[in-house]
Amino acid sequence: MNLALINSGEAGARRTAKTWLITAWIAGLFCLAICATILYQHATATTNDPWKSPQLLKLKTALAAAPKDAQIKAQIRDLDLKYRQRFFRRLALDRTGGWLLLGGMAVFLAALWRAKNSDQVLSIPQPNLQAAREALRVEARSRLAVAGFAVVCVGAAAAFIKAGDSKMPLPQNPAAPPVPAAADALPPLAEFQANWPRFRGPDGSGFSPKANPPLAWDEGAKTNLLWKSAIPLPGFNSPIVWGGRVFLSGGDAQKREVYCFNAADGQLAWRRAIENVPGSPAKAPEVLEQTGVAAPTMATDGRRVYALFANGDLAALGLDGAPAWSKNLGTPKNQYGHATSLAIWQGKLIVQLDQGDSEPANSRLMAFDGATGKVVWEKPRKVPGSWASPIVVEAAGKAQIITAALPSLIAYDAVSGAELWKADVLEGEVAPSPILAGGLVCIASPSSKLIALRPDGSGDVTKTHVAWSNEENIPDVTSPTSNGELVFYVTSSGMLTCLDAKDGTKLWEHDFGTEIQASPGISGNRVYIVATDGHAWVVEAGREFKELGAGKLEDHFFASPAFVGDRLYLRGNAALYCIGVK
Amino acid sequence: MSTNPKEPVNRRNFLGAAARVAAMTGVGALLGKLAGATAAKGTVWQIDPAKCVRCGKCATACVLEQSAVKCVHAYAVCGYCELCTGYFGPEPNELTTAAENQLCPTAAIQRTYIEDPYYQYHIDEKLCIGCAKCVDGCNRYGNGSLFLQVRHDRCVNCNECAIARVCAGDAFVRVPVDQPYLLKTKPTTS
């Protein structure tokens, strides 16, 4: 080996290393300068940002005191421009500075690496006597490393597969409704019948065959009044009951709320404001005081409770009050305010949204999936506004949704929403709701006649399926009630009438002589009638009139009674009452 | 060692090749399964306008120097007012575009004359910093047509959004990536 050549090579390598070292220094200083500039800009930003500058705010305050002062205006404009330019310059510097810093760091590291390696002189290779043994050792380690890596990969794959689902919660809004849980399996039919899940009980007829509330009560004498609880906000909806809880809604022009009372002691278990409903109008609709914003009675499927308000807000809450979903259906155009109650069928929430005055306008019947709030089906209705509530009955081998609105009683298939039959038998402002009585659908055409129809037709059944009708003492607001054998109904002036459900023959009538706005209900073999002024009567559900008892509460009543077990729940204007034997 | 490129296909070679293909298919399937299982569920952050309380933290809490949150204008809801309370500060000196009258600290709202007495307002997103001053003015006194949204052409979709952590109205929600915006629409009146 030529020694001069080796020396010359070493000198060249040292020169190259020095050049790279100088380059690294320059790049490092460049990076530091960039960092310092960015940090300085950030440090001074807090006071100079256009929207935080105390100087600018001070000038604006001064201008408010002297609105004509042109000098202050000019100062504001200059300062505003200066700050905005500085702010956006800083943003631009951040962007370009970031790239420059990245480039500078790359040059710095590359130069440092080259400087480190350039002054190394290659050594003359010498034979390695241990090479074969080292090779064997390396091979063994390599196999071990590959095996270890494989184990780690398999473990990581298993962990990823197990924990692949994101735990990030999805929002509670219509864009991404919550996934129904396994607990959404619906309760058995017997549980529905043992509770009071909707307006006027399980089938909407106001009849509970097994309930056994007392025959008499008196608030003044403290007889059989188990508890009384104040209701925070007004509403004309009736109580619904499920699993030891009583649910009501209430509201005014500002707020809409749902209440849950413990059936055991009447304590308010929770109250939930229905707010931030997507699409909800900012201004409450104008409704009559006699209707209010919370006239529709709630419904429950035993998993959630549902409430509808006059502004079109529809909300689903868990039985513990946790919001499940909510949406706005658009404020119903209704001259008195929306009052139609909700119905429930096999996990579907049925909403009848009739609206418009003389001409039909956007009336529709909708079925929502109770768990998610998704529309299952929606059918337009060529009817104007109505106030009657739909019922769901099993008739002619089908689940039928029976609706009432001028001029027709219309039945829909509960599964598909297809119209099954209709009968043009209604007149006036339709407020009484239909019921099923002895296999016939009974409906009161307000102040005109009570009609019973066979629900097994198709198409227009006006002339073919009317079983009977009766024109005596017909109510204009309240709905009839029936135990399957007899039909009872009461007028607003207090006339109670009993008909034979089979042929509509009048059996008897009795005048209570006082205003009655709440629909009557039947518990076992007793009919309960609650007057507006708090008086109530219990009469035998028989073919002859027989008064069994009476009650008195110090409140005003418009809502219909709810019968569950040995208790009667009544909603007054001010409070919720639980009648039972102590 | 030499290899014959035209080695005839025999049972051993065929079985070997088949085993290799099966192994590669298995590895591919495993990788596909892993990719599917570990992929994100396809959600992004968004502001629910109904919950936003216009606190101004969107402008300062975002990890980006200029926030990914921008003001969005729902033209269908806008009243096109001459005295726009989202454009002008409280009790403006004059109804002009001069700096002392504008509410926006970065002059990100452009005001265009349409016809007397209507003006159109447009947000320049390059200038908007998401401070919500205009949103507050519009919602407090106007129709509420201005509102904040996370713009997904800028958002880096942090797993734990820095703004969501400090949002005063708890208005940050995850929405499906195919419906990434919660837009205001004209209220239904029928």
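The values are calculated or read from the model by the stated rules, or taken from the named source; none is laboratory data. None of these values were measured; they are calculated from a predicted model. For neighbour counting, all protein chains shown are included, and Cβ atoms are generated from backbone atoms with ideal geometry for every residue, glycine included. Please note that ligands, DNA and RNA were not included when accessible areas were found on the heavy atoms of the full protein model with its side chains. Shrake-Rupley method; radii C 1.70, N 1.55, O 1.52, S 1.80 Å.
Points worth noting:
- The residues on offer are A:Ala147, A:Ala182, A:Ala176, and the sole one that is within 24 Å of the chain's Cα centre (by Cα), surrounded by fewer than 11 Cβ atoms within 10 Å (Cβ to Cβ) and either farther than 30 Å from A:Gln267 by Cβ or at pLDDT 95 or above (or both) is A:Ala182.
- Considering residues of the stretch A:458-485 that are open to solvent by less than 20 Å² (accessible area, probe 1.4 Å) and closer than 18 Å to A:Val393 by Cα only, the residue nearest to the chain's Cα centre (by Cα): A:Ser479
- Strands (runs of 3 or more DSSP E) completely within the stretch B:100-190 that count 1 or more residues being more than 11 Å from chain A (Cβ to nearest Cβ) and open to solvent by less than 80 Å² (accessible area, probe 1.4 Å): B:109-115, B:118-123, B:146-150
- Flag if A:Gln75 is assigned to a helix (DSSP H, G or I), within 12 Å of chain B (Cβ to nearest Cβ) and over 12 Å from B:Glu100 (Cβ atoms): no
- Residue check, A:Pro125 within 14 Å of chain B (Cβ to nearest Cβ) and of a type outside the set (Gly, Ala, Ser): no
- Residues that are farther than 17 Å from A:Gly565 by Cα number at least 3 in the following strands (runs of 3 or more DSSP E) confined to the stretch A:223-273: A:225-230, A:245-251, A:256-262, A:268-273.
- Which numbered condition A:Lys333 fails, given (1) part of a strand (DSSP E or B); (2) open to solvent by 20 Å² or more (accessible area, probe 1.4 Å): (1)
- Some residue of the stretch A:358-368 being in a loop (DSSP other than H, G, I, E, B), open to solvent by less than 10 Å² (accessible area, probe 1.4 Å) and in the same structural domain as A:Pro278 (by TED's automatic domain parsing): no
So that you can scan it fast, the table gives a plain yes or no per residue for (1) aromatic (Phe, Trp, Tyr); (2) more than 22 Å from A:Leu319 (Cβ to Cβ); (3) open to solvent by 20 Å² or more (accessible area, probe 1.4 Å):
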| site | (1), (2), (3) |
| --- | --- |
| A:Gly204 | no, no, no |
| A:Lys210 | no, yes, yes |
| A:Leu226 | no, no, yes |
| A:Ile231 | no, no, no |
| A:Gly235 | no, no, no |
| A:Phe247 | yes, no, no |
| A:Gln254 | no, yes, yes |
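- Filtered by the rule that a residue be within 49 Å of the chain's Cα centre (by Cα) and facing chain B (nearest Cβ under 9 Å), the stretch A:78-91 gives A:Asp80, A:Leu81, A:Tyr83, A:Arg84, A:Phe87, A:Phe88, A:Arg90, A:Leu91.
- A:Val375 being out of contact with any Cys (no Cβ under 9 Å at 6 or more places or on another chain), assigned by TED's automatic domain parsing to the domain that holds A:Asn328 and open to solvent by 20 Å² or more (accessible area, probe 1.4 Å): yes
- Test: residue in the stretch A:92-114 that is within 12 Å of chain B (Cβ to nearest Cβ), in a loop (DSSP other than H, G, I, E, B) and either surrounded by 12 or more Cβ atoms within 10 Å (Cβ to Cβ) or not hydrophobic (A, V, I, L, M, F, W, C) (or both): no
- Of all residues in the stretch B:29-43 being open to solvent by less than 70 Å² (accessible area, probe 1.4 Å) and facing chain A (nearest Cβ under 10 Å), the one that is modelled with the highest pLDDT: B:Thr43
- Scanning the stretch B:46-69 for residues that are within 11 Å of chain A (Cβ to nearest Cβ), assigned to a loop (DSSP other than H, G, I, E, B) and more than 15 Å from the chain's Cα centre (by Cα) returns B:Ala50, B:Lys51, B:Gly56, B:Glu65.
- Residue match in the stretch A:295-307 (condition: crowded, with 17+ Cβ neighbours inside 10 Å, among the small types (Gly, Ala, Ser), within 14 Å of chain B (Cβ to nearest Cβ) and not in a strand (DSSP E or B)): no
- Here A:Ser519 meets each of (1) under 15 Å from A:Ser238 (Cβ atoms); (2) modelled with pLDDT under 95; (3) not hydrophobic (A, V, I, L, M, F, W, C) with one exception, condition (2).
- In the stretch A:405-438, the residues that are among the hydroxyl-bearing types (Ser, Thr, Tyr) and open to solvent by less than 30 Å² (accessible area, probe 1.4 Å): A:Ser408, A:Tyr412, A:Ser433
- The set of residues in the stretch A:360-388 being more than 14 Å from every other protein chain (Cβ to nearest Cβ), of a type in the set (Gly, Ala, Ser) and on the phi < 0 side of the Ramachandran plot consists of A:Ala367, A:Gly370, A:Ala371, A:Ser386, A:Ala388.
- In the stretch A:212-224, the residues that are open to solvent by less than 50 Å² (accessible area, probe 1.4 Å) and either closer than 26 Å to A:Asp301 by Cβ or free of Cβ contacts under 8 Å to residues at least 60 places away in the same chain (or both): A:Pro213
- Members of the stretch A:489-520 that are within 26 Å of A:Arg454 (Cβ to Cβ), open to solvent by less than 20 Å² (accessible area, probe 1.4 Å) and among the aliphatic types (A, V, I, L, M): A:Val490, A:Leu499, A:Ala501
- Taking the numbered list (1) touching a Phe, Trp or Tyr at 6+ places or on another chain (Cβ under 6 Å); (2) open to solvent by 10 Å² or more (accessible area, probe 1.4 Å); (3) under 16 Å from A:Gly417 (Cα atoms) in turn, A:Ala339 passes all entries but (3).
- Among (1) without any contact (Cβ under 8 Å) to a residue 12 or more places away in the chain; (2) not in a strand (DSSP E or B), the one test that A:Val430 misses: (1)
- Test for A:Asp320: is it touching a Pro at 6+ places or on another chain (Cβ under 8 Å), acidic (Asp, Glu) and either part of a loop (DSSP other than H, G, I, E, B) or more than 14 Å from chain B (Cβ to nearest Cβ) (or both): no
- Residue in the stretch B:70-87 that is open to solvent by 30 Å² or more (accessible area, probe 1.4 Å), within 9 Å of chain A (Cβ to nearest Cβ) and either at pLDDT below 90 or over 17 Å from the mean Cα position of the chain (by Cα) (or both) present: no
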